[in-house]
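**Student:** Once you've had a glance at the structure underneath, I'll fire off some questions.
What follows draws every value from the coordinates through simple rules; no lab data is involved. Treat the numbers as computed from the prediction; the structure is a model and nothing was measured. Cβ: placed from backbone, ideal geometry, glycine included. Neighbour counts: every protein chain shown.
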Amino acid sequence: MKTSVALPFYLKCSQIIMGTVAFFYIMYIGHDIIVPLIFSTILAILLNPVVNFLSRKLNRIVSIFIAIILAMVIVSALFYFIGSQLAMFSDSFPVLKQKFSGYFADTISWVSDTFNISTPKIKAWIAKTKAKGLDGGGAMISDTLLSITGALIVLLLVPVYIFLILFYKPLLLDFIAMCFSSSKHSTVKEVLQETRRLIQSYLVGLLLEAALVATLNSVGLLFIGVEYAILLGVIGAILNMIPYIGGIVAISLPMIMALTTQSLSASFAVLILYCVVQIIDNNFFVPKIVASKVKINALISIVVVLIGGALWGVGGMFLSIPLTAIIKVICDRIEPLQPLGFLLGDTMPEIGKNILSFRKPTK
């Protein structure tokens with residue numbers, strides 16, 4: 001009869017730390033393969049109801065093709081709109097550059113007068129910084145070209161991945177079932193069903209929230225009189241989909257545009273507008289549309305967004321919240337992992353509750 005050996009605490013901690021480091025290292029070096037697969041899986045889950053609806057009247061392969069083509073048409077239309085707006089923006093770029101140069105010169109004069117630094121020293125430091133940037137320009141251009149090439153490859157692979165995931169869905173589900181004993185099948189089924197509902201409702205809610213934020217941004221910028229208001233409003237809504245961090249970047253773009261094309265007061269008005277939109281979004285749109293589907297507390301959300309950005313860049317920031325929500329669903333269904341699921345959630349214990357109670361050992 002075999003007896004289990006209890007490992008010392010320090011060995012358990014060492015195993016957990018080494019396993020965690022190995023896991024994140026694999027996630028980091030394999031991001032070119034892992035990120036497209038995760039994106040494709042999430043999009044396949046989102047398109048699955050459309051495929052099921054079309055399969056009632058058409059062949060399944062044809063249904064998958066139609067669903068993917070419809071998704072590509074919608075995404076292409078969005079990219080075409082943003083591209084056309086950017087083309088119009090590039091026409092006025094020389095004027096914006098001239099105005100920005102004027103503000104830049106005024107800023108140098110203000111810094112020189114305020115901090116008692118001579119203007120030639122400031123200009124010499126700026127010239128030195130530009131020279132360093134130009135020295136690394138070749139490497140930056142090559143990295144940019146590699147990034148663009150990688151993005152194009154991903155764009156070509158994602159539709160293929162989506163088609164294959166949807167086509168082999170029965171095989172994948174049977175594989176998952178075979179990985180667990182029959183006594184666990186009901187729990188596995190609950191996890192899969194809840195994960196599917198969570199992803200579908202979260203993505204639909206996120207797109208609805210982005211549309212509402214884009215509308216508020218665009219209408220407000222048009223009222224203020226900022227040029228390219230619709231483009232900036234849509235870009236702001238897309239950036240706002242990156243939790244917490246994207247909203248800060250989204251505010252800076254229209255503020256710079258208002259400062260360059262109009263005045264400081266217009267830029268301040270843009271700041272007030274975006275703060276109001278953020279208040280509406282965080283207190284009405286997110287709780288009612290998005291956060292009601294994903295029960296992740298704010299502290300964990302910020303941490304996982306930063307981790308996702310460090311591991312996988314912008315794509316990791318987008319994926320961090322839904323992946324964390326899936327992990328929470330799994331943890332809530334597995335008894336040893338339930339404390340981790342509770343930590344990830346937003347259920348706040350009663351303030352002042354005596355959580356830990358210590359009793360003296362009885363003699």
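**Student:** Starting from the Cα of Lys295, move 7 Å in the Cα-to-Cβ direction to define the label point; list residues of the range 203-238 whose amide nitrogen is under 16 Å from there.
**Tutor:** Counting backbone N atoms under 16 Å from the label point, the list is empty.
**Student:** Quick check on the range 18-88: take the gyration tensor over C-alpha atoms, sort the square-rooted eigenvalues as a ≥ b ≥ c, and tell me if it's rounded (a/c under 1.5), prolate or oblate.
**Tutor:** Oblate shape, in that a/c is at least 1.5 and b/c is the bigger or equal ratio.
**Student:** Answer rounded, prolate or oblate for the range 269-340, using the Cα gyration tensor with square roots of eigenvalues a ≥ b ≥ c: rounded when a/c is under 1.5, else prolate when a/b is larger than b/c, else oblate.
**Tutor:** The shape class here is oblate.
**Student:** What is the distance in Å between the Cα centroid of the range 178-246 and that of the range 9-57?
**Tutor:** Going from one Cα centre to the other spans 18 Å.
**Student:** Follow-up. Please find the FRET efficiency linking Ser55 to Gln338, where r is the Cβ-Cβ separation and R0 is fixed at 45 Å, and quote it to the nearest 0.05.
**Tutor:** 0.75
**Student:** Related question: According to a simple spin-label model (label point 7 Å from Cα along Cα-to-Cβ), what is the distance in nm between Val303 and Ala87?
**Tutor:** With each label placed 7 Å out from Cα toward Cβ, I get 4.7 nm.
**Student:** On to the next question. Hey, rough spin-label estimate for Leu11 and Ser183, points 7 angstrom out along Cα→Cβ, what's it come to in nanometres?
**Tutor:** About 2.7 nm, to one decimal.
**Student:** Roughly what percent of Cα-Cα pairs across the range 170-257 reach past 21 Å?
**Tutor:** Beyond 21 Å sits 51 percent of the P(r) for the range 170-257.
**Student:** Oh, and also: Modelling each spin label as a point 7 Å along the Cα-to-Cβ direction, I'd like the Leu78/Glu194 distance in nm, to one decimal.
**Tutor:** 2.8 nm
**Student:** Can you tell me how the range 149-208 classifies by the Cα gyration tensor, rounded, prolate or oblate, using a/c under 1.5 as the rounded cut?
**Tutor:** Oblate, because a/c is 1.5 or more while a/b does not exceed b/c.
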